[in-house]
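Engineer: The structure that follows is given in the form of structure tokens.
Taken together, the values in this text are just the output of simple stated rules run on the coordinates, not laboratory data. Because the structure is a prediction, the values reported are computed rather than measured. Cβ placement follows ideal geometry from the backbone for every residue including glycine, while neighbour counts extend to all protein chains displayed.
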Amino acid sequence: MATTLFSPITLRGLTLANRIVVSPMCQYSATEGSAADWHLMHLGKFAVSGVGLVIVEATHVEARGRITHGCLGLYSDNNEKELGRVVDFCRRAGGAKLGIQLSHSGRKGSARLPWVGRGESLPPGEQPWRTIAPSAISHDRDWPVPHALDEAGLQVVKQAHVDATQRAARLGFDLAEVHIAHGYLLHEFLSPLSNTRADRYGGSLENRMRYPLEVFAAMRAEWPSDRPMGVRHSVTDWVEGGWTQNDADAFALALKELGCDYLTASSGGLSVKQKIPIGEGHQVEFATRLRQTTGLPTMAVGMIFDPHHANRIIRNGDADFVALARGVLSDPHWAWRAAASLQADVTFPPQYLRGYRSGWLREQRAQTGDRS
């Protein structure tokens with residue numbers, strides 16, 4: 001039988017009903033890192049949408065590791081309690097498996113909400129905080145210079161990742177994803193554009209990879225062995241002299257050795273000088289390359305909208321999952337439409353029977369003689 005968008009897949013002890021993933025999308029709607037009613041609505045609708053997996057937005061391991069004041073966190077008991085409320089709600093209402101992306105913003109933190117001032121750091125009157133980074137290099141010329149982490153600081157940040165991993169495990173998430181992309185802290189260690197350290201965490205490729213690998217290993221050690229842990233990975237900085245695809249291959253192979261279960265292939269986000277040739281499915285080739293290089297399952301993400309395109313990605317072996325963001329924001333029932341278009345089936349709430357045409361529904365009506 002051909003592998004398609006609607007084929008099941010198993011990672012460790014987790015089996016997903018299909019290959020459709022709701023990508024983590026920052027909502028900037030938390031209070032002191034704690035989830036709110038907005039998250040019940042936002043994640044709840046995806047939990048019932050027929051997708052195989054919903055990954056909660058970038059959830060930050062420290063208060064200073066948030067991007068904005070409104071970003072989600074998992075660094076306090078209240079954060080854990082309020083996110084637990086959302087997880088329980090999604091479990092009761094829907095059938096999708098639930099993942100969480102754990103992150104630290106690094107030098108890109110202390111920013112304004114995107115609908116207030118996209119790409120702007122917080123001005124003095126809006127409670128900015130001191131950001132951290134591998135080196136004292138600002139994100140952009142109008143941004144403050146971050147504090148370069150010393151050995152003690154590195155240990156504090158690593159422990160914050162471990163603590164958040166333990167909280168996520170207690171909440172019962174099925175999967176965890178480590179954010180090492182888009183110019184945030186762990187990606188900043190990888191790129192020579194943002195890491196100019198002279199110690200064992202800077203200089204050579206091996207040294208620049210060292211700290212992100214140490215953090216991942218510490219997180220994997222605390223995450224239950226029967227649950228998958230993957231990495232979102234920027235494959236290139238799209239800037240001359242930055243992180244390259246060859247570097248990304250080496251990093252991916254090292255992650256595999258440490259027990260990484262899948263890779264989400266993304267790119268960019270580190271430098272405002274990046275020049276990205278954006279188009280539909282423009283990052284799929286990165287997922288294909290990492291899949292061929294490592295043998296790990298990969299997740300394709302970025303401007304994927306058409307169900308037939310998504311199905312070809314899976315059928316042709318270009319990637320093992322398709323993660324959607326913009327596509328499901330504009331059409332939360334994308335999976336239902338894709339199933340109808342591809343003559344497949346997905347789960348749906350019984351309350352929506354009249355709005356969903358499915359083989360299961362036809363069979364039930366045939367058995368009961370229901371002609372409604």
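Engineer: So what are the ³J(HN,Hα) numbers for the range 325-333, from phi and the Karplus equation (6.51, -1.76, 1.60; θ = phi - 60°), rounded to whole Hz, Gly and Pro as x?
Structural biologist: Values per residue, Gly and Pro as x: 10, 3, x, 8, 5, 7, 9, x, 9 Hz.
Engineer: I want to check a number: in the chain, how many lysine pairs have alpha carbons closer than 25 Å, given a sequence separation of 8 or more or different chains?
Structural biologist: Taking the Cα cut-off of 25 Å, the pair count is 9.
Engineer: Hey, another quick one. List the longest stretch of the chain that has no exposed loop site; here a site is one of the GluC sites (Glu not before Pro) assigned by DSSP to anything other than H, G, I, E or B, with at most 16 other Cβ within 10 Å.
Structural biologist: Excluding the exposed sites themselves, the longest stretch runs over 121-239.
Engineer: Mean 1/r over all different Cα pairs, inverted: what Kirkwood radius does the range 187-246 give, in Å?
Structural biologist: 12.7 Å
Engineer: For Gln166 and Glu222, calculate 0.36 nm times their separation in residues minus their Cα-Cα distance, and state this gained length in nm to one decimal.
Structural biologist: Gain in length upon complete extension: 19.5 nm.
Engineer: Thinking of the chain as a set of Cα atoms, what percent of all their pairs are more than 27 Å apart?
Structural biologist: Distances greater than 27 Å cover 46 percent of the Cα pairs.
Engineer: Just want the ordering: Leu154, Leu329, from fewest to most Cβ atoms lying within 10 Å of their own Cβ.
Structural biologist: Leu329, Leu154
Engineer: Something else: Where both partners of a DSSP beta bridge lie in the chain, what percent of those bridges are antiparallel, to the nearest 5?
Structural biologist: The answer is about 15 percent antiparallel.
Engineer: Going toward the positive end of the dipole of the range 84-152, with +1 on Lys and Arg Cβ and -1 on Asp and Glu Cβ, which of Ala96, Gly109, Ser121 do you reach last?
Structural biologist: Ala96
Engineer: Report, to the nearest 10°, how far helix 151-170 tilts away from the longest principal axis of the Cα atoms in the chain, using its own Cα long axis and a range of 0 to 90°.
Structural biologist: Taking Cα atoms only, the helix is inclined about 20 degrees.
Engineer: Then there's this: Identify the residues of the range 176-193 with backbone N under 13 Å of a label point that sits 7 angstrom from the Cα of Thr244 along the Cα-to-Cβ direction, or state none.
Structural biologist: Correct set: 192.
Engineer: Something else: Please report Thr4, Thr165, Thr68 as a ranked list, fewest other C-beta atoms within 10 angstrom at the top and most at the bottom.
Structural biologist: Thr4, Thr68, Thr165
Engineer: Something else now. Taking the chain as the reference, fit the longest principal axis to its C-alpha atoms, fit the long axis of helix 37-47 to the helix C-alpha atoms, and give the angle between the two in degrees, 0 to 90, nearest 10.
Structural biologist: 50 degrees
Engineer: Any chance you could run the full-extension gain for Asp199 through Ala2? It's 0.36 nm times the residue separation minus the Cα-Cα distance, nm to one decimal.
Structural biologist: 65.9 nm
Engineer: Separate question: So, counting K/R as plus one and D/E as minus one, what does the shell of residues with Cβ under 11 Å around Asn207 add up to?
Structural biologist: That works out to +2.
Engineer: Starting from the range 129-223, pick out the trypsin sites (Lys or Arg not before Pro) whose DSSP state is loop and whose Cβ has at most 14 other Cβ atoms within 10 Å.
Structural biologist: Loop-located and lightly packed - Arg130, Arg141, Arg200.
Engineer: Okay, next question. Between the helical axis of 359-368 and the dominant principal axis of the chain, each derived from Cα atoms, what acute angle in degrees is found, rounded to the nearest 10?
Structural biologist: The answer is roughly 30 degrees.
Engineer: Another question, if that's okay. For each of Tyr352, Tyr201, count neighbouring Cβ atoms within 10 Å of the residue's Cβ, then give the residues from fewest to most.
Structural biologist: Tyr352, Tyr201
Engineer: Might you report the magnitude of the Cβ-based charge dipole of the chain about its Cα centre, with Lys and Arg at +1 and Asp and Glu at -1, to the nearest 20 debye?
Structural biologist: With only Lys, Arg, Asp and Glu charged at Cβ, the dipole is about 840 debye.
Engineer: Placing +1 on the Cβ of each Lys and Arg and -1 on the Cβ of each Asp and Glu in the chain, which of Val145, Ser135, Gly355 has its Cα farthest towards the positive end of the resulting dipole?
Structural biologist: It is Gly355.
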